Every structure is written in C-alpha cells, then in structure tokens.
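The values are calculated or read from the model by the stated rules, or taken from the named source; none is laboratory data. Owing to the predicted nature of the structure, the values given are computational and were not obtained by experimental measurement. Neighbour counts run over all protein chains shown; Cβ positions are idealised from the backbone, glycine included.
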Amino acid sequence: MLTHDQLEKIERTFSARALITPIRVKNPFVQQAATPQQIFELQRISSDFYYFIPTARGNTSRPAVDGIFAFVILASDPGRIYCGALSRLNLAASENTIDPCFIIDGHTSLSNREDILFAGELFFKSNKLKSWNNGSGHYRPDAQRRYTNLIPAIQRLLPEDRFHDYFNMAPDQVQMRLVARGYTLIGNFGSAS
C-alpha cells in the first residue's frame with residue numbers, strides 16, 4: 001500500500017504530465033534531414049562537463065563540445081536531448097574547428113518535422129554549457145514551455161539559470177548569435193529606421 005506522501009508525489013507527477021503540450025512545426029521551409037552520424041544525445045558528468053553520445057550505431061566520431069548546437073526534445077522521446085552542430089565556430093578557440101561533416105541545417109534536420117516538446121540552441125565552451133535558449137525559427141517554442149514540457153531529467157541537463165529567451169533578446173545579441181552561426185547580415189540589422 002502506498003503512503004500519503006507517495007500518493008501525493010504520484011498526483012504531482014500526473015498533474016505535471018497533463019500540462020505537457022507538443023509543439024508542431026510553424027515554418028514551412030524544409031531543411032535537409034540530418035544523417036544519423038550528425039545527431040548526438042546530450043549527457044553530462046557534472047554541471048561543468050557535458051559530452052555527446054553518437055546516436056548512430058557503431059559511430060565513434062563526434063564533434064567537440066564547443067560552439068553552437070541545435071537541440072530538440074521529441075514529443076515521442078521526452079527523456080532525451082538530441083543535438084546537431086549549427087556552426088563550425090569553436091568558442092574555446094574562437095576559430096572554425098568543428099568538422100563540416102557535423103553541420104546540420106537546423107531543428108527540423110534533427111526532428112524530421114515531428115512534434116517536439118522544446119527546441120533551441122546550446123552554447124558550449126570547453127565542454128561547459130554557457131547558455132541555452134528557445135531559438136528555433138521552425139518551432140518557435142514559447143519560453144514558458146520549459147516549465148511544463150521538460151521532465152525533471154531534462155531540467156537537470158538544462159539549468160534554469162543559463163536560459164535566455166531568444167525572442168526577447170536585444171537585437172545586438174541576436175545579431176551576435178546569427179554571425180556566430182555563419183550568417184552574413186546585410187543592411188542595418190535591428191535598427192529602428
């Protein structure tokens with residue numbers, strides 16, 4: 001028989017799961033699907049040391065945990081964070097050192113346009129997660145979804161104090177992230193003209 005505390009914990013868990021709402025693709029632009037060798041699962045040993053596990057069977061090749069990576073949490077697999085490199089820029093070395101074979105187009109490259117629970121960008125420097133956000137033009141997840149759509153195991157991998165709401169960032173911060181991802185900006189980005 002369950003104790004009162006155990007029953008309350010089960011009730012809280014079911015109540016939290018009832019709030020989970022999958023997010024559908026909002027942008028019709030098609031991105032090329034990532035190959036299995038370009039998709040990695042995020043793990044960590046400690047709060048200061050993250051690493052990637054290849055998802056392709058037999059694959060031992062993986063990018064350094066440095067730079068900018070797209071991530072998705074699939075609605076069909078809520079306990080894993082799938083990642084792919086968005087940029088060749090290695091933030092620790094401030095140069096392009098990530099092998100181009102790891103670069104993906106974006107979030108739907110990882111998800112195959114499936115429903116997700118959350119998506120965004122991860123910024124690493126020397127295996128340490130510097131920040132993460134909800135920057136996904138295809139899914140555009142509301143920042144508040146991180147409270148309802150992320151199960152506790154994922155919340156431990158993505159610390160709240162390192163989260164930045166992409167859609168409320170200052171234009172210069174957005175510009176810096178786009179340039180880091182390899183975009184060339186033309187004109188007066190973010191100006192009020």
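Evaluation of Ser47 against the conditions (1) touching a Lys or Arg at 6+ places or on another chain (Cβ under 9 Å); (2) within 23 Å of Asn149 (Cα to Cα); (3) touching a residue at least 60 places away in the same chain (Cβ under 8 Å); (4) crowded, with 19+ Cβ neighbours inside 10 Å shows that the sole unmet condition is (4). Tell me, please, whether a residue that is among the polar types (S, T, N, Q), modelled with pLDDT under 90, surrounded by fewer than 18 Cβ atoms within 10 Å (Cβ to Cβ) and out of contact with any Gly (no Cβ under 8 Å at 6 or more places or on another chain) can be found in region 96-118. Yes, region 96-118 contains at least one residue that is among the polar types (S, T, N, Q), modelled with pLDDT under 90, surrounded by fewer than 18 Cβ atoms within 10 Å (Cβ to Cβ) and out of contact with any Gly (no Cβ under 8 Å at 6 or more places or on another chain). Residues in region 18-44 that are free of Cβ contacts under 8 Å to residues at least 24 places away in the same chain and either closer than 21 Å to Leu117 by Cα or not polar (S, T, N, Q) (or both): Ala18, Pro28, Pro36. For region 157-179, the candidate set comprises residues that are assigned to a helix (DSSP H, G or I) and at pLDDT 95 or above; within that set, the residue that is farthest from Leu74 (Cα to Cα) is Asp161. Within region 110-129, the residues that satisfy the criterion of being within 12 Å of the chain's Cα centre (by Cα) and within 22 Å of Gly79 (Cβ to Cβ) are Leu110, Ser111, Ile116, Leu117, Phe118, Ala119, Gly120, Glu121, Leu122, Phe124, Leu129.
The residues of region 130-159 that are polar (S, T, N, Q) and more than 11 Å from the chain's Cα centre (by Cα), listed by number, are Gln144, Thr148, Asn149, Gln155. Could you list all residues from region 56-75 that are within 25 Å of Ile20 (Cα to Cα) and over 13 Å from the mean Cα position of the chain (by Cα)? Listed by number, the list holds a single entry, Ala75. Sort out which residues of region 39-70 are modelled with pLDDT of 95 or more, closer than 18 Å to Asn133 by Cα and aliphatic (A, V, I, L, M), and write them in order of number. Of everything in region 39-70, those that are modelled with pLDDT of 95 or more, closer than 18 Å to Asn133 by Cα and aliphatic (A, V, I, L, M) turn out to be Leu42, Ala70.
Condition check: of a type in the set (A, V, I, L, M, F, W, C), under 26 Å from Val25 (Cα atoms) and at pLDDT below 95. Does Ile73 satisfy that? The answer is no for Ile73. Restricting attention to region 76-93 and to residues that are in contact with an Asp or Glu (Cβ under 9 Å, 6 or more places away or on another chain) and at pLDDT below 90, the residue that is nearest to Gly120 (Cα to Cα) turns out to be Leu86. Residues that are farther than 18 Å from Val25 by Cα and surrounded by 14 or more Cβ atoms within 10 Å (Cβ to Cβ) within region 151-172 comprise Ile151, Ile154, Leu157, Leu158, Arg162, Phe163, His164, Asp165, Met169, listed in sequence order.
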